[in-house]
Amino acid sequence: MSGDAWLFSYSTLQHEDVQIATFGRRLEGRTDALPGYATALFEIKDAAVVATSGKTHHLMARPSANPADEVTGKAFRLTAAELAAADTYEVSAYKRIEVRLKSGLAAFVYVGA
């Protein structure tokens, strides 16, 4: 499908209920990792996101000074419309960047802004 993109998720977008609420379907993903990053908990203040995820704190990936660090998660193939829906779901404390995953796959990921 033209316009498809890979999105790497290490947090709530891996949850089936969040996927259905955000994309209208359950996503099939492949396990992968984001090298050179580490995660920490971040407080979510957007009531709609908390209602969708059921969590007041989400993980946020940030570049790590330790080259051995990596964040595990799943890569999902999304349509352009689904990627736009993911942009709407993520709060402004995150930014979407393009990265190269451990597998070599080019994908988008949301990291600390």
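Go through the range 59-90 and give me each residue that's among the polar types (S, T, N, Q), more than 28 Å from residue 48 (Cβ to Cβ) and open to solvent by 40 Å² or more (accessible area, probe 1.4 Å). Answer for the range 59-90, where residues must be among the polar types (S, T, N, Q), more than 28 Å from residue 48 (Cβ to Cβ) and open to solvent by 40 Å² or more (accessible area, probe 1.4 Å): just 66. Please work out if residue 11 is buried (at least 18 other Cβ atoms within 10 Å of the Cβ), in contact (Cβ under 8 Å) with a residue 24 or more places away in the chain and more than 12 Å from the chain's Cα centre (by Cα). No: the conditions fail for residue 11. Here residue 34 qualifies as within 16 Å of residue 109 (Cβ to Cβ) and not charged (D, E, K, R).
When you check residue 65 against the structure, is it without any contact (Cβ under 8 Å) to a residue 24 or more places away in the chain and either small (Gly, Ala, Ser) or at negative phi (or both), yes or no? Yes, satisfied. Here residue 27 fulfils each of the conditions (1) aliphatic (A, V, I, L, M); (2) open to solvent by less than 20 Å² (accessible area, probe 1.4 Å); (3) in contact with a Phe, Trp or Tyr (Cβ under 8 Å, 6 or more places away or on another chain); (4) modelled with pLDDT under 95 apart from (4). So which of 34, 27 ends up being in contact with a helix residue (DSSP H, G or I) (Cβ under 6 Å, 6 or more places away or on another chain) and within 24 Å of residue 79 (Cα to Cα)? Matching residue, one of 34, 27: 27. Residues in the range 2-15 that are touching a strand residue (DSSP E or B) at 6+ places or on another chain (Cβ under 6 Å) and outside any strand (DSSP E or B): 4, 10, 11, 12, 14. Only one of the listed residues (22, 52, 88, 56) is among the hydroxyl-bearing types (Ser, Thr, Tyr) and in contact with a strand residue (DSSP E or B) (Cβ under 8 Å, 6 or more places away or on another chain). That residue is 56. Checking 51, 93 one by one, the residue that is hydrophobic (A, V, I, L, M, F, W, C), more than 15 Å from residue 10 (Cα to Cα), open to solvent by 20 Å² or more (accessible area, probe 1.4 Å) and touching a Phe, Trp or Tyr at 6+ places or on another chain (Cβ under 9 Å) is 93 and no other.
The values are calculated or read from the model by the stated rules, or taken from the named source; none is laboratory data. Here the structure is a predicted model, which is why all the values come from computation and not from measurement. Methodologically, a virtual Cβ is constructed for each residue, glycine included, from the backbone with ideal geometry; neighbour enumeration extends over all protein chains shown. In case anyone asks, the SASA skips ligands and DNA or RNA and just uses the protein heavy atoms, side chains included. Shrake-Rupley method; radii C 1.70, N 1.55, O 1.52, S 1.80 Å.
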